[in-house]
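The values are calculated or read from the model by the stated rules, or taken from the named source; none is laboratory data. Just so it is clear, the model here is predicted, and its values are computed rather than measured. Neighbour counts run over all protein chains shown; Cβ positions are idealised from the backbone, glycine included.
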Amino acid sequence: MKFLADKYTMSDNYHQPVMGGTGPDSQPLGFADQVFFSDGSGNPATPPAARIYNPDPATGTLNLYTHRAQWFDCSNPSNPGIGAITNYLNSLPYHVDTKCGPGQFWQAVNVNPAFTPKGLPQSGLIVPQTTQRSIGDVLSEHNISWKYYGGGFNADGTTSPFAFSYCNICNPFEYEANYPNMVADHMRDVTDLFNDLKNGTLPAVSYVKPDGAMDGHPASSKWGLFEAFAKNIIELAQSNPQQWASTAIFVTVDEGGGYYDSGFIQPVDFFGTGPRIPMIAVSPFSTGGHITHAYAEHSSFVKFVERNWMLQGKLSGRSRDNLPNPVFDGNGSPYVPSNMPAISDLFDMFNFQNNNNQ
């Protein structure tokens with residue numbers, strides 16, 4: 001990572017999207033938004049009472065919740081834990097839309113998606129299938145090729161020792177009602193990525209998630225393994241000069257694990273953003289060891305895809321791809337946009353000037 005930061009462009013103002021775990025932080029990579037609890041047909045629904053979160057302190061304690069569960073409704077400030085956040089947002093010197101729709105319940109913790117990696121329905125404690133529009137849907141509508149490469153995908157559902165190494169809550173598309181129809185054309189294992197890189201058959205847009213043994217996650221992996229994983233992908237991409245000439249690789253993580261961060265955190269809605277996490281752009285157009293300060297988070301990748309492929313419109317009326325790019329007016333900190341709420345589309349990490357391959 002130090003080598004990549006020295007050679008390419010790094011952001012020191014890239015953030016996890018929400019104050020939450022892997023699932024809620026991964027969903028914006030596909031939706032630029034969170035996924036609410038629904039009836040499976042796009043309408044808000046109410047979870048069972050036992051599944052509704054109450055973060056107020058349990059009686060007689062300072063560090064225990066009244067009821068730790070999966071879902072919360074932030075549209076009513078009188079609900080437990082909600083008023084303090086909405087009061088804070090209302091006190092800010094700029095307007096923040098909470099994006100808490102009436103009757104909509106949102107994830108407080110990681111919850112499994114509606115489908116297995118292979119597209120089979122799941123039951124029990126799951127996020128009901130959503131009809132929310134993803135960037136994958138938009139790419140397919142415009143006949144732009146894309147794939148999600150998940151480590152352990154081929155082993156999932158088998159007796160392989162790696163059968164449980166695939167991260168289902170990391171794949172935002174598994175929450176979609178039309179996910180079973182996506183599997184054949186768009187879902188692959190990381191081993192398929194290696195072949196596509198070698199053969200020059202990479203799609204226009206790729207998501208790559210290593211398995212649990214390679215992702216650098218504490219207690220299940222080591223950071224050096226993730227570094228080796230990223231290094232291998234980058235070198236494979238560079239081995240084909242024609243492919244490399246038009247390739248950009250974003251190296252990041254899902255979230256920061258709850259560690260303290262001294263950097264500025266910008267509220268853009270009720271859900272976040274959250275602390276800073278690593279982001280390095282590796283490309284022929286990002287060389288020079290530059291540092292960018294523009295405020296960004298995982299929804300920024302959706303904005304990048306929309307701009308790079310000149311896709312018209314936004315994913316929805318409420319998704320974060322509607323937010324403008326940050327403006328730095330020179331009168332304050334370059335880390336704090338003067339036009340908040342705002343998130344970057346990541347184009348500031350590249351220099352496309354005077355290049356015929358733009």
- Picking from LEU323, LEU346, which residue would you name as being of a type in the set (A, V, I, L, M), within 24 Å of VAL18 (Cβ to Cβ), crowded, with 22+ Cβ neighbours inside 10 Å and touching a helix residue (DSSP H, G or I) at 6+ places or on another chain (Cβ under 6 Å)? LEU346
- Within the stretch 233-251, which residues are assigned to a helix (DSSP H, G or I) and touching a residue at least 24 places away in the same chain (Cβ under 8 Å)? ILE233, ILE234, LEU236, ALA237, GLN242, GLN243, TRP244
- Item | Within the stretch 1-72, helices (runs of 4 or more DSSP H) holding 1 or more residues that are among the hydroxyl-bearing types (Ser, Thr, Tyr) and at pLDDT 95 or above | 22-26
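Let's see how each residue does on (1) closer than 26 Å to LYS303 by Cα; (2) more than 21 Å from the chain's Cα centre (by Cα):
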site	(1), (2)
SER160	no, yes
PHE173	yes, no
ASN178	yes, no
LEU197	yes, yes
- Message: Of everything in the stretch 125-147, what is farther than 13 Å from PHE36 by Cα, of a type in the set (Ser, Thr, Tyr) and part of a loop (DSSP other than H, G, I, E, B)? Give them in sequence order.
- Response: SER134, SER145
- Item | Selection count, the stretch 157-170, where residues are within 23 Å of GLN70 (Cβ to Cβ) and either of a type in the set (A, V, I, L, M) or out of contact with any helix residue (DSSP H, G or I) (no Cβ under 8 Å at 6 or more places or on another chain) (or both) | 3
- Task: Select from the stretch 181-212 the residues that are of a type in the set (Gly, Ala, Ser) and free of Cβ contacts under 8 Å to residues at least 60 places away in the same chain and write down the one among them that is surrounded by the fewest Cβ atoms within 10 Å (Cβ to Cβ).
- Result: ALA184
- Within the stretch 100-121, track down each residue that is assigned to a loop (DSSP other than H, G, I, E, B) and in contact with a strand residue (DSSP E or B) (Cβ under 6 Å, 6 or more places away or on another chain). GLY103, GLN104, PHE105, ALA108, ALA114
